[in-house]
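Quick notes on the structure that follows.
A short reminder: the numbers here are calculations on the coordinates, not readings from a lab. Please read these numbers as outputs of a predicted model, since none were measured by experiment. So basically every Cβ, Gly included, is an ideal-geometry build from the backbone, and we count neighbours across all protein chains shown.
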Amino acid sequence: MPDQPPKTDADHTRGSIKEAIGKITGDKKAIREGSAEKLAPEAKQLRAEAGKRADVYDDRAKMVRQ
């Protein structure tokens, strides 16, 4: 993950720790929250990429209509 911003690494680490604590204590809620926190940065990145792709296709469609 070297190309990701440091905040993403921190979020992933925090999620991993929360998930591990949940597994140790048997707290299913903490396990779910930790898993979600680990995936959130990836979801945000995918959403941003999808938005960029949508803009490209929108621009192409505008050029075709002209």
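The list (i) 21, 30, 22, 14, 9, 3, 0; (ii) 15, 40, 30, 13, 2; (iii) 20, 43, 25, 12, 1 gives values of P(r) over Cα pairs in 10 Å bins from 0, in percent, and only one came from this structure; which label was calculated from it?
Checked against the structure: label (i).
If I take R0 = 35 Å and measure r between the Cβ atoms of Q45 and K23 in this structure, what FRET efficiency does the formula 1/(1 + (r/R0)^6) give, to the nearest 0.05?
Details: r = 26 Å, r/R0 = 0.74.
So, using R0 = 35 Å, E works out to roughly 0.85.
Estimate the FRET efficiency between T13 and V64 by the formula 1/(1 + (r/R0)^6), using the beta-carbon distance for r and 30 Å for R0, to the nearest 0.05.
Numbers: r = 46 Å, r/R0 = 1.52.
The computed FRET efficiency comes out at 0.05.
Lysine pairs in the chain with alpha-carbon atoms under 13 Å apart, 8 or more places apart or on different chains: how many are there? Walk me through the numbers before you get to the answer.
Details: K7/K38; K7/K44; K18/K28; K18/K29; K18/K38; K44/K52.
Counting lysine pairs in the chain gives 6.
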